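Undergrad: Sharing a structure, written as C-alpha cells. Questions coming.
Here, each number is a calculation from the coordinates, and none is a lab measurement. Keep in mind that what you see is a predicted model, and the values were worked out from it rather than measured. Glycine also receives a Cβ, built like all others from the backbone with ideal geometry; neighbour counts cover every protein chain displayed.
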Amino acid sequence: MKYWSFIFCLFFASSLYADGQASLNYAHVQSVKAVEMSKGSWCFHVAVRHNDEGWEHYADAWQVIDDQGVILGERVLLHPHVNEQPFTRSLCGVQIPVGTESVRVRAKCNQHGFGGKEVIVDFSVANSEDYSVIR
C-alpha cells in the first residue's frame, strides 16, 4: 500500500511540475491598468509573463477584445524579453465603444499562439486583483 501511495504522490507531483512548466509556453497577462484619456479613448498598460527563449519563442503580442470578440486594440511586441519577466508595455488610443461594460486582455507567443491567462477588465470596478481602471 505504501508503495502505491508513493507512486501516486510522485506521479501527481510530476504532473503538476510538468503542467506548470508547460503553462509558461503560453503568454500570460499578469495585470492590466486601463486609463481613460478622453471620452472613449483609453491607454492600456499590460504586464505579460512568458518563458521567452529568444527569437525562436517569445511573447509577440497582446490584444484588447470586446465581449463579441472584436479586437479593439493590439500591441505587437517586436523582440524577446528573455531577461525582463514579467514586462509591461502600453497601447494608447484604444477606442472603447459607448456602452461597453468590460473587455478581455489576452497575450500570445509566436509558437503557441493564445492560451495563457487572460484578464477581464470590468469598467464599473476601479480595482481588482488583476486590474485597475482610472477615469
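Undergrad: Give the long-range amide H neighbours of Leu72: residues separated by 5 or more places, or on another chain, with amide H under 5 Å away, using H modelled in the peptide plane at 1.01 Å from N.
TA: HN-HN under 5 Å from Leu72: Val64, Ile65, Asp66.
Undergrad: Roughly how large, in nm² to one decimal, is the mean projection of the convex hull of the alpha-carbon atoms in segment 26-134?
TA: Convex hull of Cα atoms, orientation-averaged projection: 6.3 nm².
Undergrad: Assuming R0 = 30 Å, can you tell me the calculated FRET efficiency for the pair Val76 and Asp130, based on Cβ-Cβ distance, to the nearest 0.05?
TA: On the way: r = 22 Å, r/R0 = 0.75.
That gives a FRET efficiency of 0.85.
Undergrad: Moving on. With label points built 7 Å along Cα→Cβ from the Cα atoms of Cys43 and His112, find their separation and express it in nm.
TA: It is 3.1 nm.
Undergrad: Across segment 60-77, in residue order, what do the Karplus-derived ³J(HN,Hα) couplings come to in whole Hz, using 6.51 cos²θ - 1.76 cosθ + 1.60 with θ = phi - 60° and x for Gly and Pro?
TA: 10, 5, 9, 9, 10, 10, 7, 6, 9, x, 7, 6, 8, x, 9, 9, 7, 9
Undergrad: Follow-up question, since we're still on this one. Within segment 67-88, which residues have the backbone N less than 18 Å from the label spot 7 Å out from Asn25 along Cα→beta-carbon, could you tell me?
TA: none
Undergrad: Given +1 on the Cβ of Lys and Arg, -1 on the Cβ of Asp and Glu, and no further charges, what dipole in debye does segment 26-134 carry about its Cα centre, rounded to the nearest 20? If you can, show how the numbers build up before the last one.
TA: On the way: 9 positive and 14 negative charges, 33 e Å.
In total the dipole reaches around 160 debye.
Undergrad: How much net charge surrounds Tyr26 when only other residues with a Cβ under 11 Å from its Cβ are counted (Lys, Arg +1; Asp, Glu -1)?
TA: Neighbourhood net charge equals +3.
Undergrad: Scan around Gln30 for amide H atoms under 5 Å from its own, H built in the peptide plane at 1.01 Å from N, and keep only partners 5 or more places away or cross-chain.
TA: Here the answer is Ala47, Val48, Arg49, since their amide H atoms fall under 5 Å of that of Gln30.
Undergrad: What FRET efficiency comes out for Val35 versus Gln85 if R0 is 22 angstrom and r is the Cβ-Cβ distance? Round to the nearest 0.05.
TA: That gives a FRET efficiency of 0.40.
Undergrad: Would you please give the residues with an amide H less than 5 Å from that of His81, counting only those at least 5 places away or on a separate chain, with H modeled from the backbone geometry?
TA: The answer is Ala59.
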